[in-house]
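Below is one structure; the comments refer to it alone.
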Amino acid sequence: MFHKEGHKIIVITFMLVVAASLAVNHFVAIEWLRIGLLVGIMILLVLILQFFRNPKRNFTLNEAQVLSPVDGKVVVIEEVYEKEYFQDKRLQVSVFMSPLNVHVTRFPVGGKVSFSKYHPGKYLVAWHPKASEENERTTVVVKSEQFGEVLHRQIAGALAKRIVNYAEEGQDVSQSSESGFIKFGSRVDVFLPLDAKIDVALNEVVKGGLSVLAHK
């Protein structure tokens with residue numbers, strides 16, 4: 001199953017793969033070179049399909065937990081000053097996604113969307129310290145009964161050129177439902193209240209909508 005954000009790209013890629021394969025077979029006479037080019041073309045198609053996959057998952061919702069919004073690896077766990085929305089100290093948990101991860105972004109908690117904003121910006125590598133403030137990004141805040149307001153921020157990486165955000169202010173959302181999509185490599189930061197109990201460790205691999213980042 002592939003995500004709707006990838007349908008157009010997949011169709012275009014498939015057409016290009018077919019055209020390129022026909023051209024290679026017609027114009028390249030050297031056997032080893034032709035085979036190498038065809039293998040390379042197929043690898044490109046597989047990578048595109050891999051990137052836009054959207055596997056079905058059985059979610060167990062629990063509003064006393066904050067779930068990971070994305071697949072990837074935990075790269076930051078620290079107390080920081082969040083200055084865009086809260087303007088106070090929060091616990092930040094950041095998950096880095098490689099191009100091979102599923103790139104669907106999910107709401108870490110359910111509740112009402114109290115803030116949603118898109119910021120154009122740079123395309124620094126996603127793990128750069130200033131990526132959270134200078135890269136293309138979206139900031140979404142959901143007010144939940146258990147945790148109060150929880151902020152998650154989609155951050156474009158060096159390869160990402162478009163962030164899709166589905167959250168609208170005033171909207172009621174369910175935990176683990178789709179919040180957006182980031183194309184080609186990225187990071188998501190989650191900002192939690194200071195009394196949240198963290199359930200993950202640095203470099204831990206997490207799954208979007210399944211892995212627990214924190215609890216009350």
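The values are calculated or read from the model by the stated rules, or taken from the named source; none is laboratory data. This one's a predicted model, so the numbers in the text were calculated from it and none came from an experiment. Please note: Cβ atoms are built from the backbone with ideal geometry, for glycine as well, and neighbour counts cover all protein chains shown.
Which ones in the range 4-54 are surrounded by fewer than 11 Cβ atoms within 10 Å (Cβ to Cβ) and more than 17 Å from LEU100 (Cα to Cα)? Within the range 4-54, LYS8, VAL11, MET15, LEU22, HIS26, PHE27, ALA29, ILE30, GLU31, TRP32, VAL39 meet the criteria. Tallying residues that are at pLDDT 80 or above and either surrounded by 15 or more Cβ atoms within 10 Å (Cβ to Cβ) or within 24 Å of ALA214 (Cα to Cα) (or both) within the range 119-163 yields 23. Selection of the range 63-89 for residues being of a type in the set (Ser, Thr, Tyr) and either at pLDDT below 95 or surrounded by fewer than 24 Cβ atoms within 10 Å (Cβ to Cβ) (or both) yields TYR81, TYR85. Within the range 165-192, being of a type in the set (A, V, I, L, M) and under 14 Å from THR139 (Cβ atoms) holds for ALA167, ILE182, VAL188, VAL190.
Among the residues of the range 45-102, what is the count of those that are in a loop (DSSP other than H, G, I, E, B), aliphatic (A, V, I, L, M) and over 23 Å from SER177 (Cβ atoms)? Total meeting the criteria: 1.
Does GLN92 count as of a type in the set (S, T, N, Q) and either more than 24 Å from TYR166 (Cα to Cα) or at pLDDT below 95 (or both)? Taking the combined requirement at face value, the residue does not satisfy it.
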